[in-house]
Structures are given as structure tokens and as C-alpha cells.
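The structure under discussion appears below in the form of C-alpha cells.
The values are calculated or read from the model by the stated rules, or taken from the named source; none is laboratory data. Keep in mind that this is a model prediction, so the values were computed, not measured. Positions of Cβ are backbone-derived with ideal geometry, glycine not excepted, and every protein chain shown enters the neighbour counts. The accessibility values were calculated without ligands, DNA or RNA, using every heavy atom of the protein model including side chains. Shrake-Rupley method; radii C 1.70, N 1.55, O 1.52, S 1.80 Å.
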Amino acid sequence: MGEFAIGQGVPRFEDPRLVRGGGRYVDDVALPRMAYGYVLRSPHAHARIRSIDTGKAKAAPGVLAVLTGSDWEAAGWRDLPVPGGMKRRDGSPSYKPRFPALVKDRVRWVGDYVAFVVGETLHQAADAAELIEIDYEPLPAVTATANAAVPGAPLVWDDCPGNVCFARFEGDKTATDAAFARADHIVKHRFVINRVTAATMEPRGAVGDYNVADGRYTLYAVLQRAQGYRAELAQVLGVPESMVRVVAGDVGGSFGMKSAIFNENPLTLLASKLIGRPVKWTGTRSEAFLGDAQGRDNVTDAELALDKDGNFLGLRVKSLVNAGAYLQPGMPAFTGNLGTLAGVYKTPASHVDVTVVFSNTNPMRPYRGNGRPEAAYVIERMVDLAADELGLDPYELRRLNMIPPEAMPFKTSVTFTYDCGEFEKSMDIALKMADVNSFEKRRAAARKRGKLRGIGLSFTIERAAAGGFEGAEIRFDRSGTVTLVSGSHSQGQGHETVFKQLVCDRLGLDPNEVYYLQGDTDQVFFGEGTGGSRSATMAGSAFHLASEKIVVKATQIAAHLLKLEAADINFADGIFSSAKTNQTLTIQEVARAAADPSKLPKDMEAGLVSNAVFDTDTQNFPNGCHICEVEIDEDTGEVEIVDYNVVDDVGTVLNPLLLHGQIDGGIAQGLGQVLMEDIRFDADGQLLTGSFMDYAMPRARNTPAFHVESNPVPTKTNPLGTKGAGEAGCVGAMPAVANALVDALSVLGVKHVEMPATPERIWRSIQEARAG
């Protein structure tokens, strides 16, 4: 369909509605007689609750209900979902803590859920919460990842020895030990990967509405996966899934954070049932820092073994990972992305040892990349450290060890089997884009201006669409216009645009006559949701399959109407034609005929509707080369990113405009973590970075214009040939920026700078280098 065809940079169809204020976010939901909820949170990182007195709060003006852990138990509702199936180091089952919506006897992080107050207005509910009298007995707390498993550390859960939740191992330890034994060089480093928060543009929120007439619960919420969410929520409520409806409208960012069932959501439903009215809870930015799940946060020791020529022989990685105070679904999934540690290299032997520990901090869960950025950061920093120690060119060291295209499919030494990729070609394109050959001239010119200039490269790979299924439906109405129903859910990625492109290109439709529907479990027939860079592959393939079903049935109808055989019918650009007649039919005309059984072949069901489920157990592997160039002010430590070039392979590019948006946004989040973002707690577990005054976020002035090109190598793992793109920018940015910083400071002898590389931290590195 010309301008709307696959591969065209079609602007997002969603944008006019959104920029005009027509977004339908959860806080826009306003139901009759709606009341408002407020969460009273723990002020302690760890404390025993001796008593709770809610008498004054219940008597406060406008208060409709005050719920505590005892009320939650009395309702007979269950704990929030907690994942299982992992094992500890000794092979015993992982520790699986309870996760009640409201705690009853002990709080375990600053922000833990103590009470839920419902009032006629939000201010009345918040004022009443101040009247709740709680007697706390403070207990010792542990927040730092490195300290959580130290002997004698305070226990987050009394029956969880050493705070260890589970361990996971990947690779061949025997082969790896042998590789290290014969190595000519061994490079070692410890990486402290800092904790960050999603800081989504739209805070979390929920509206719970219990209908006493039919006993059905409706939850309006922010999420990534409506169908799976409903199934888990029904288990919490203890009711059949059919008695729960979940509705998600527009979602202002998520990055993995919003896909869990957070405490407030079932609390609004319980409160609604008790008071007989809908209940809304909307989080503030301050609450987001206290209550949202967070990401990253691990301490990793890595070793790389090389022979005398620079060939990689083995990789050994040992990580201590912070789970927070509770275990959320999805948190253990990061261990499935340990394969990113293999990078794009032929390393014949690897072994990875991961220990996950509890701490008195916010629960952790997937955050854009979910283990991939951390793994990419480790391997790509290790390559640069090895090049420095051995006196080799970091680009040529990568080239020497890269997997060539002819080796595909290639089974790495850490879980993954890559099906395709042209790594060296992508790197060469990126090196040319970045004009690396002229870099030393730019470095010298910057030095004359009092600036330290550096360049850093990363080549990273990740798994995407890691197996599973997704549903899609194409529904022609009686007039020939179309509704697309998606099981995937957008949080700003542009699903509506891409899926309309896919269907309109195949069926010859005008996208302005196509309505897109998502997020309502009463209307979406089937689906899994968004996450792990899966939507283009999974939902896109489902729409592709549904489109093909439409073509097959519509061709049969057209043949019947034209009194021809189906084999004689051609379909292109929305037109059915045949060499045996000068008559043609549009797909809209066929759709209108499909609504009339008298015009259809015998025994054919009326209607032109198709649904499809794409199901696969095969993942794909997007990859790319990032080259970042920075300048550092030697007197202040301030960093300016002066150039950034990317060559990505995401397979078939469905919409280059949206692809660039995904890459750009991911880069911004990656450089944000490397340069400024940091969640910090004091020794008592109090959050020190609880607002944007303390938690620095990247701004437009911190980012240059990103230059993004594609080297598409379509995958055969799905009918579209696509690879995931949603997390690629974030995965590549962290190591590229970090390598550029170290390259700039290398003239002073600096070998590494921990994240976040704030101006102060860089300035101190410069002073220490000068002094030492």
C-alpha cells in the first residue's frame, strides 16, 4: 500500500490523539461515586510491628475504610504471586517468601505496605493515614548487595539463611577451568552495577470496581499483559478468571516495571467490595521511588582468559544479585539472559555463577533489557580491559574473536545458539560512520581546549522474543471497515502503527479506516502481552497469520461471486481479479458480501473475521555496534557526548522511524545509568534519592543526535524475519559510553570508572591519577 507499506517510515497513528490531550490513561478513569485510596508506607527499612491502632483514622472526616494486614487476611484473599522453581546452591528449592498486599507483623523496606485508607477525597484519605498509630520496633537492616550475604548480616527473612534466595549456574566449569589453566593472559575485574528505577512518565495507578449485582471485579490498571495479568489476579482474589475483567488504556511507559501485580491493585478491588463504590489510587512521583520495583544492582567478578595471540579461551563470571525484600514474578527471568555474556565471540568455554540475595530494599524486577545490559557491560568492558593490558587495538581484538557468518548457526559457551548475523560487517560500517581513522586528530584538538576526548565501542547481542505465543484478530464489520485486536499491549512503542502497517500492506486497506483495540480482557480474545522485545516478532507474526487467513477466505468468496475457481483469483493491493474476467472486487466489497449468507458458498460461515496465534519456542538475536565519543572537562569532570553512531541488526525493519525511536530511547536510558542515574540508601535503609532533585535523569542537553543505521540480516525464526528492537539501544549504550569515558581518561592512567560516572566521581578519578 505504497506510503504505508512495510519498511516505510510511517509516523505514528497514535500521536495526533496523544499530543492533543486525547490519551486515555488510568488516572483519566472517572466512575460514578468513585472514592480515593491512599497507602500508608513503612518509614523503616526493617521493623517489627508491635501494634496498629486505626480508631482515630476511621473516625476522621470523609473516611470510608481503613484496611490493615488483618483485614486482608479476614477477606480470605491470597498473597501476591511469587515465582518458584529455582534452586539454591545445594540443590534445595529456592526460598519463597510470602507477599501479602498489606503486612501484618513486620516491614522489610522503606515503602512497605502497612495500611490502605479510603476516603471521599484523596486529601481526606491522606490526612486520616496520619492518624494511624503504629508502634514499631526497629530492627537491623541490610541494603548493600555486597553486604547481604556476608556472615552475620541482618536477615530479611528469619528462615532464609544468609539471605540467599537462589543460585544459578551456566556453562561448563570443568572446560572453563582447563582453559584458564593453559591461558597466557588472565584479565580480572570487579564491576559494581548500580541500582536504577524506571521513572516512567506516567506513575502507576489503579481503579478497582466491584459489581455486587453479578459479583464481578473490574480493574483499570497500567500493565503490559492484560490476559496473563487477569489470570494471576483471579488467583489472588480466589475467584474464577471469568469473574475478573482487566482494562488497560494508554500506558505512559513501563520498561518492564508495570507488568507485575502491585499491592495497590487488589487493594482497590477489596476496598471497592467493602464500601460498595469504585476506588481509585494514583501514585505520586515520591511514591514511585518508594513503591515501584527497581532494576539492575549487582556485583560481578569477571575473568577473561586469552592465549598469547589474543584469542579468547575462557570466560568466568561470578555475580551477586540483589532481589530486594520480596520476590516479584519476572525477577528470576534475568538469569535466562546470561547468554549475553558470551557476546559475539567464539570463546570456547565459559562458566557463570549467580547468587541472588534478599535485602531491605524495594523488590527488583525486569527493567529495560532485564540482565542483558549488565551482561553486555561486563563482557564489553572486559574486552577493552584485555586490549589495554595486552597492548592490543580493542577493535582488532574484537575482530579476531568475532563469530563469522559462515559459522552460523553457532552454539555459544553460555546457553544461546545464534541463527544469523554479520557482526564484522556491522562493526566496519560503524567504524566508518564514526570516522575512527581521524579520531586522534579530534583528540589532539580537544586537548588544546582543555578537554579529554575519548572513543568507545561496544558490540552487543541479546535474545528477544524468547519463546511463547501471541494472539491477534482481524475483524471486518458489515460495511467493510476493520478492527484489529491485539494481545500485545503498547506503553509507547507504536504498536498500533506497526500492526496497521502489517495488515494494511497485506490486505490493501486504508489505515484511517482501521480501528485498533488492545488491553481489555472482555474484548481481546487471547494474548500474552508485551515484554522482552517480543511484540514485532510475536504479535506481528500473529497479525501476519491472521491476514493470510483473511486472504484465503476472501479469495473463496470472491471466486464464488465471480463464478470462478479460487485458483483463478489473484489478490493484490486490496483488489481481487482474474485473467478470466474483467470484473474485479475490492476486499471491502467481499467483506460486505461475507455478512450476507445468501452470497456465500454453501456451508461457509458468514462474516470475514480471523484470529491467529503465533507460537514458537525459538528466540531471535538482535545485535549491534555502538560507537560513542565523549569529551571530559579536566577541571570539573563534566562529560559531553559529542557523537554517537549505531549500526543495528534487527532483521526485517518494519518501520525505520519507529525503530530509530526505540534505539534512541534505549541509548538515553543506557547513558543515563552510566552517567547519572543512581538509587542510593543510607546505612539505615533510608532512600537518599527519592526525587528528581537527587535522582538525576538524562535531559535533551545530555544527548547528541544519534546516527542510526541498519544492517538487517532477516531471521528465519518467524515469518516476518524480524528481531527484537525495544531493548537494543539500552543494551549497547552502557558499555559503549563506559569504554569512551575510560579511553578519554586513559591518558592519565585511569583504567576504569564505576557507574554512575558523575562529574564528581570522574573529577576524583582525575585527581587520584594525578596524585598517584
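General remarks:
- Nitroxide proxy distance, nm - points 7 Å out along Cα→Cβ at HIS123 and ILE575: 6.5 nm
- Accessible-area composition of the chain, carbon plus sulfur, in percent [1.4 Å probe]: 51 percent
- Histogram of C-alpha separations across segment 103-218, 10 Å bin width, %: 8, 19, 25, 23, 13, 7, 5, 0
- Under the simplified labelling scheme, the ASN147-ASP105 pair shows an inter-label distance of 2.6 nm, with each label point 7 Å from Cα along Cα→Cβ.
- Positive-end extreme of charge dipole, the chain - chosen from VAL103, THR537, LEU720 (charges on Cβ): VAL103
- Segment 468-616 - charge dipole about Cα centre, Lys and Arg +1 at Cβ, Asp and Glu -1, debye rounded to 20: 360 debye
- Mean separation of Cα contacts under 8 Å, 6 or more apart, over the residue count of the chain: relative contact order %: 15 percent
- Within the straight-line cut-off of under 20 Å between alpha carbons, the aspartates and glutamates reachable from LYS173 are ASP90, ASP184, ASP301, GLU303, ASP307, ASP353, sequence neighbours fewer than 8 places apart in one chain being disregarded.
- Per-peptide average of other Cβ atoms within 10 Å, ordering 303-309, 573-579, 350-356 highest first: 350-356, 303-309, 573-579
- Heavy-atom accessible surface of ARG78, to the nearest 10 Å², is about 140 Å², with a 1.4 Å probe and all protein chains retained.
- Among 600-611, 168-179, 333-344, sorting by the average number of other beta carbon atoms lying within 10 angstrom of each residue, highest first, gives 333-344, 168-179, 600-611.
- Net lengthening on full extension, MET408/MET693 (0.36 nm per residue, minus Cα-Cα): 97.7 nm
- Descending Cα extents along the principal axes, segment 284-379, whole Å: 56, 21, 19
- Dipole axis of the chain (+1 Lys, Arg; -1 Asp, Glu on Cβ), positive-most option in GLY37, LEU659, CYS730: GLY37
- Extension gain from SER598 to GLU513, taking 0.36 nm per residue of separation minus the Cα-Cα distance: 28.0 nm
- Each of the peptides 475-481, 728-734, 290-296 was scored by the mean count of other Cβ atoms within 10 Å over its residues; in descending order, highest first, they stand as 728-734, 290-296, 475-481.
- Rounded to the nearest 20 debye, dipole of the chain from Cβ charges on Lys, Arg, Asp, Glu: 560 debye
- What the Cα convex hull of the chain gives, in volume per residue, is 183 Å³.
- For segment 395-507, the alpha-carbon coordinates run over 71, 40, 23 Å along the three principal axes, in decreasing order.
- For the pair ASP301 and ALA683 in one chain, pulling the backbone fully straight at 0.36 nm per residue adds 135.1 nm over the alpha carbon distance.
- Computed on the Cα trace of segment 468-616, the radius of gyration divided by the Kirkwood hydrodynamic radius gives Rg/Rh = 1.00.
- Partner lysines for LYS56 [C-alpha distance under 23 Å; skip if fewer than 8 residues away on the same chain]: LYS104, LYS273, LYS280
- Sorting ARG368, ARG316 by solvent-accessible area of protein heavy atoms yields ARG316, ARG368, largest first, with a 1.4 Å probe.
- Per DSSP, loop GluC sites (Glu not before Pro) in segment 607-680 with at most 16 further Cβ within 10 Å: GLU638
- Label-point separation, SER70 to GLU130 (7 Å along Cα→Cβ), nm: 2.5 nm
- Probe 1.4 Å, accessible area per residue of the chain, Å²: 38 Å²
- Legend: distances between Cα atoms for LYS346/LYS411; LYS87/LYS188; LYS318/LYS751; LYS563/LYS602; pairs beyond 18 Å are LYS87/LYS188; LYS318/LYS751.
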